[in-house]
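Each remark here refers to the structure printed beneath this line.
The values are calculated or read from the model by the stated rules, or taken from the named source; none is laboratory data. Nothing here was measured: the structure is a model prediction, and the numbers come from that model. Cβ atoms come from the backbone with ideal geometry, glycine included; neighbour counts cover every protein chain shown. When the accessible area is computed, the model is the full protein with side chains, heavy atoms only, and any ligands, DNA or RNA have been set aside. Shrake-Rupley method; radii C 1.70, N 1.55, O 1.52, S 1.80 Å.
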Amino acid sequence: MGSVETESMAAISTPSLETSFLFQKVADDLRQQGYSINPNALPYELSQRLLEQLHLMSSSEFDTAGIGRQQDHMVNNFVRTDEICWIDGSSSAGEQWLVWASELREYLNSQLFLGLFSFESHFAHYAPGDFYKRHVDAFKGESNRVLSLVVYLNPDWLPEDEGELVLYKDETDLEGTKVTPSFGTVVAFLSEEFPHEVLPAARDRYSIAGWYRLNTSQADRVDPPR
Ligand SMILES: O=C(O)CCC(=O)C(=O)O
Ligand SMILES: [Fe+2]
């Protein structure tokens, strides 16, 4: 009995083989190109639990997303029109997500020496027609956001549903790479390097966006910086 319990504990705290492959691919991609796009990559059980959690949440738990530092948080419908709910680990799905994100943090720190220290994340809901205009998640020297992480929770997303994330390789790139917000897709990119935008979708679009930060005194929440 004792050993069975030990094994099940180990299963919770040790990433599965599939997850280890994903973590390694994210690390390799970040090293080579600064971003990583992985369809159908979030562990299925975790994706399902997060989706169930979303279904349980009422729309009153979401707040209109803002821009600017938290103390001068401003709703700006020209820049973004989505609504968000921060994940604090009070639900078991949220807790499981935070454990997974912290395993990824430890793996990336061991491989890339990024010095990622903390993580913050929120559910986001884009109603049909909602968007988030081209932006960067952090400005050089102004923020301690280092790595952005986005996962999508939309089963059966079709090309005509649109709502892609467009990731631009630098400030001059106007074409970008389109990412379909399909269930379980995991995207990571260096927060200061890659401008990106969310195109309007034809149906409700759900995601989690998160940021790994350095341990600096400037630990106030940035959403995004400006
Ligand atoms: O949902 C996405 O595809 C990206 C969201 C985003 O860029 C953000 O919340 O900063
Ligand atoms: Fe962003």
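At-a-glance table
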| read-out | value |
| --- | --- |
| Sparsely packed chymotrypsin sites (Phe, Trp or Tyr not before Pro) within the stretch 75-117, loop by DSSP, other Cβ within 10 Å at most 16 | PHE78, PHE113, PHE117 |
| Furthest towards positive pole of dipole, PRO181, ALA209, PHE117, structure part the chain, Cβ charges | PHE117 |
| GLU45-GLU106 FRET efficiency (beta carbon distance; Förster radius 25 Å; 0.05 resolution) | 0.75 |
| Length-normalised contact order for the chain - Cα pairs under 8 Å, 6+ apart - percent | 28 |
| Helix 17-33 vs. the chain, principal-axis angle (Cα, 0 to 90°, nearest 10) | 40 |
| The stretch 34-213, accessible area per residue, ligands and nucleic acids excluded (1.4 Å, Å²) | 45 |
| Value of [θ]222 nm, deg cm²/dmol, for the chain, DSSP H segments ≥ 4, -39500 (n - 2.57) each, nearest 500 | -9000 deg cm²/dmol |
| Accessible surface of the stretch 40-145 [probe 1.4 Å, protein heavy atoms]: carbon and sulfur percent | 54 |
| Neighbour cut-off at most 11 other Cβ (10 Å), DSSP loop, trypsin sites (Lys or Arg not before Pro), the stretch 107-171 | LYS140 |
| Cβ charges +1 (Lys, Arg) and -1 (Asp, Glu), total dipole of the stretch 34-213, debye | 280 |
| Cross-link reach list, aspartates and glutamates versus LYS25, counting only Cα pairs under 18 Å and skipping chain neighbours closer than eight places | GLU103, GLU106 |
| Positive minus negative residues near SER182 (Lys, Arg vs Asp, Glu; Cβ under 11 Å) | -2 |
| Distance from the stretch 143-166 to the stretch 180-203 (C-alpha centre basis), Å | 3 |
| Peptide ranges 40-52, 183-195 listed from the most packed, as the mean C-beta count within 10 angstrom indicates | 183-195, 40-52 |
